[in-house]
Amino acid sequence: MRKALRWLLALTVLIGTMSTAGAATAAEPEATGTTDIKERLLSVPGMSLVEEKPYPGYRFFVLNYTQPVDHRRPSEGTFQQRITVLHKDVARPTVFHTGGYNVSTTPRRSEPTQIVDGNQVSMEYRFFTPSRPDPADWSKLDIWQAASDQHRIFTALKRIYSKNWISTGGSKGGMTATYYERFYPRDMDGVVAYVAPNDVVNKEDSAYDRFFATVGTKECRDRLNAVQREALVRREPLEKKYEAYAAENGYTFDTIGSLDRAYEAVVLDYVWGFWQYSTPKDCEQVPADAKNATDDEIWTSIDTISGFSFYTDQGLSPYTPYYYQAGTQLGAPTIHFPHIEKKYIRYGYQPPRNFVPRSIPMRFEPSAMRDVDRWVRHNARHMLFVYGENDPWGAEPFRLGHGARDSYVLTAPGMNHGANVAGLVEKEKAFATARILEWADVAPSAVQENPAAAKPLAKFDAKLDKRGVEHERTLRP
């Protein structure tokens, strides 16, 4: 689950353009006589410019915004939080996006932003560098403080972008959008949460074991399981290779405790990592006969999917904020490996505490996710949850109860952790697109009369809609 991947798989946009004359596809000019958008953004108290990058049809700004370290005690210190603004026109709706980690400083457009043809505000999650208080009081890293960061940014920018707002994010970003809605339900006009895990009871993770027993084909599962097991059977020679690899690259293992612990953690991530980011077709690349494969073939397959660099101090350090949250509020899965004899497993699926420096205190709060889950079930309004059929994180999804209104949970067949609206079956894709347009208050009359006609309002842009590297990602939500 924690591979330093080469790309952030998120929400691949495959839908074409709206052919009606009402589709807004070009940047609309600012109203004559209005203040330049950069001046308006920088007139917000606490806002400062890092840089502006050109992009056809848009203005793109990287900004710093002064936030309280503690929103309950705003006088007790501040920090600079990095945000970006992809500006189209103040007359268009705005999408509030977060990945839950670092923010990309390259112009990118989330799927809802393309659907509504709007502006996009993106927020770096607190405590991910450089948006980290100094000194760092880790007790101030929780879901309420992060939601309050979003609320404060929204309140400041709503004066400029006065039309409807939609919040969105994928994976931990989908979780972030959901938590924001729970604590500030009057801010957004709609929420689109992609592949958002919902670990309500941290110690009850049998749903993941059931998932791995049935996902894909038996042939594929058997191949993956055999390679994973073989990597533990060959622990001694492959750890020697790992030791040489670490020495060559200057890697250390102080946080996790030892190279042996790191090696097992990488290997035990292998099957999860495959299903999170690969497809059944990719099984062709997995050694078919693990017992007779060479050490290099086993090493390469594990490294390609799990990444032997990740559990080093250097690999873990950028993700300390994530693991801190997983070990204090979000929860983390514990899975079992029935295909591997116990004698080969020394540590098992290690908890988040093992991936955070011991100098940072952690205490788990079991009520946090139960509260969010209960709120979503009974109070969700204008919320859309999208999951992938083959994504392990979807084994524990958000669910809706009788109190939910105009809210939906949809699953994209055959898709992994990159599931999106475009990957839904045609009927559901049109329906979800129509709801997003309606929530943003930009649904054309043809869509209002016939939701099946709904399509994104903006043309696909190969660069702007590219799902590339936002940051080095782990196989985390």
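The values are calculated or read from the model by the stated rules, or taken from the named source; none is laboratory data. What you are looking at is a predicted structure, and each value in this text was computed from that prediction instead of being measured. Because the Cβ atoms are built from the backbone with ideal geometry, glycine has one as well, and the counts that use them run over all protein chains shown. Note: areas computed on protein heavy atoms with side chains; ligands, DNA, RNA excluded. Shrake-Rupley method; radii C 1.70, N 1.55, O 1.52, S 1.80 Å.
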TODO: Identify the trypsin sites (Lys or Arg not before Pro) of the range 429-470 meeting these criteria: DSSP loop state and at most 15 other C-beta atoms within 10 Å of the C-beta.
DONE: K463, K466
Task: trypsin sites (Lys or Arg not before Pro) restricted to DSSP loop in the range 106-168 with at most 16 other C-beta within 10 Å - done: K158, R159
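How big is the antiparallel share of DSSP beta bridges in the chain, given as a percent to the nearest 5?
50
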TODO: Taking the dipole about the Cα centre of the range 273-408, with the C-beta of Lys and Arg at +1 and of Asp and Glu at -1, give me whichever of P357, Y322, H402 is farthest to the positive side.
DONE: H402
- [ ] Calculate the length of the line joining the C-alpha centroid of the range 37-99 to that of the range 263-341, in whole Å.
- [x] 36
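Taking all protein chains in place and a 1.4 Å probe, what share, in percent, of the accessible surface of the chain do carbon and sulfur account for?
On the way: 9630 of 19300 Å².
Whole-percent figure for carbon plus sulfur exposure: 50.
At most 15 other C-beta atoms within 10 Å and a DSSP loop state: those are the exposed GluC sites (Glu not before Pro) I care about. Give me the longest piece of the chain that has none. Write down the numbers at each step before the final one.
Values: sites that count: E76, E204, E341, E389.
Between the exposed loop sites, the longest stretch runs 205-340.
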Open item on the list: Straight-line reach from K172: which lysines fall under 16 Å, measuring Cα to Cα and dropping same-chain residues less than 8 apart?
Closed with: K3
- [ ] At a Cα cut-off below 15 Å, give the aspartates and glutamates reachable from K38, other chains included and same-chain residues fewer than 8 away excluded.
- [x] E30, E51, E52, D89
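What helices does the chain have that are whole DSSP H segments, at least 18 Å long along their own axis by Cα, and with mean Kyte-Doolittle hydropathy of -1.0 or more? Write out the running numbers ahead of the final one.
Values: long enough: 143-157 (21 Å, 0.03); 218-233 (22 Å, -0.80); 235-249 (20 Å, -1.65); 426-439 (20 Å, -0.56).
Once both thresholds are applied, what remains is 143-157, 218-233, 426-439.
Using +1 on the beta carbon of Lys and Arg, -1 on that of Asp and Glu, and nothing else charged, what's the dipole of the chain about the Cα centre, debye to 20? Can you show the working numbers first?
Details: 59 positive and 59 negative charges, 150 e Å.
The dipole magnitude comes to about 720 debye.
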TODO: Under 14 Å Cα to Cα from K459, which aspartates and glutamates show up? Leave out anything in the same chain fewer than 8 places away.
DONE: E111, D117
TODO: List, in the order given, every pair from K281/K466; K218/K429; K427/K455 whose Cα-Cα distance in the structure shown is over 18 Å.
DONE: K281/K466; K218/K429
- [ ] Using only the alpha carbons of the chain, determine the length spanned along each of the three principal axes and report them from longest to shortest in whole angstroms.
- [x] 72, 52, 44
TODO: Please identify every one of the trypsin sites (Lys or Arg not before Pro) in the range 306-373 that sits in a loop by DSSP and has no more than 15 other beta carbons within 10 Å of its own beta carbon.
DONE: R346, R358, R363
TODO: Calculate, for the chain, the solvent-accessible area per residue in square angstrom, rolling a 1.4 angstrom probe over the heavy atoms of the protein chains.
DONE: 40
Task: T155/K459 FRET efficiency (R0 45 Å; Cβ-Cβ; nearest 0.05) - done: 0.90
TODO: Pull out a ≥ b ≥ c, the square roots of the eigenvalues of the alpha-carbon gyration tensor of the range 209-344, then state rounded if a/c is under 1.5, prolate if not and a/b is larger than b/c, and oblate in the remaining case.
DONE: oblate
TODO: Once you have a ≥ b ≥ c as the square roots of the Cα gyration tensor eigenvalues for the range 379-445, tell me rounded if a/c is under 1.5, and otherwise prolate or oblate according to whether a/b is larger than b/c.
DONE: oblate
